[in-house]
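S.K.: Just passing along the structure, written as structure tokens.
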């Protein structure tokens, strides 16, 4: 019995007891997109409470997840002397925007099980990994990720997390001009010595405004009418162009 008590005491002493908590809030939880939208800077404010160490003892990972969608991946196939797109493969429910900001490389902060469980980093996005289960799918998976990284819609960034005074910090992330509209979630994870201590989240909405908003709503809510209007506008533009050339 005494030996068992000693073992339990040793485990209590050897196990790190981190009681720190984290809380975050967005400086602005709504981004408005119009015809002149050239991107936006997203800023989160946060605080670590109950910390028993210095700010340098902790690591932070922020994950911004945008609305999901389906993507078609078409491999190029050589047919004679030309290359043509082949049959499409659909990646379903993949995020249309995904970005991380971290104090260090995610692989240096979080263990592999956490990276997979919480989808920390572009390479751990679950919807894509389901597609990339086989070796044959790997080239398409890499091409898909590269394409969205080139567009600025998939980002893994080291930095962007700044501790201010004491346990206060800010997180900054860039939203590109092609940021899709919809509901976003921002999850922030607090780590120390490879152990996730706590997490918090915030919600973000990206909206179209003005004429762009009316056109967007019409296209999604009444697609038949939207299609007819597009045809009518095209016919009208062609008729006006014909008149202009006739007069000249």
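S.K.: Taking the range 82-110 as the region of interest, how many residues are at pLDDT 85 or above, over 19 Å from residue 179 (Cα atoms) and not in a helix (DSSP H, G or I)?
M.R.: Going through the range 82-110 one residue at a time, the tally reaches 7.
S.K.: Now for a different question. Go through the residues of the range 64-72 one by one and say whether even a single one is at pLDDT 85 or above, over 19 Å from residue 115 (Cβ atoms) and in a loop (DSSP other than H, G, I, E, B).
M.R.: Scanning the range 64-72 turns up at least one residue that is at pLDDT 85 or above, over 19 Å from residue 115 (Cβ atoms) and in a loop (DSSP other than H, G, I, E, B).
S.K.: What are the residue pairs meeting all of these: first residue in the range 115-136, first residue more than 15 Å from residue 63 (Cβ to Cβ), second residue assigned to a helix (DSSP H, G or I) and at pLDDT below 65, Cβ atoms under 7 Å, and 6 or more apart or on different chains?
M.R.: Sorted first by the residue in the range 115-136, then by its partner, the pairs are 132/138.
S.K.: Checking the condition touching a helix residue (DSSP H, G or I) at 6+ places or on another chain (Cβ under 7 Å), assigned to a strand (DSSP E or B), surrounded by 15 or more Cβ atoms within 10 Å (Cβ to Cβ) and at pLDDT 85 or above, which residue from 22, 61 passes?
M.R.: The unique qualifying residue is 61.
The values are calculated or read from the model by the stated rules, or taken from the named source; none is laboratory data. Computed from a prediction, not measured in an experiment: that's the story for all the values here. In this analysis, Cβ positions are derived from the backbone assuming ideal geometry, glycine residues included, and neighbour counts consider all displayed protein chains.
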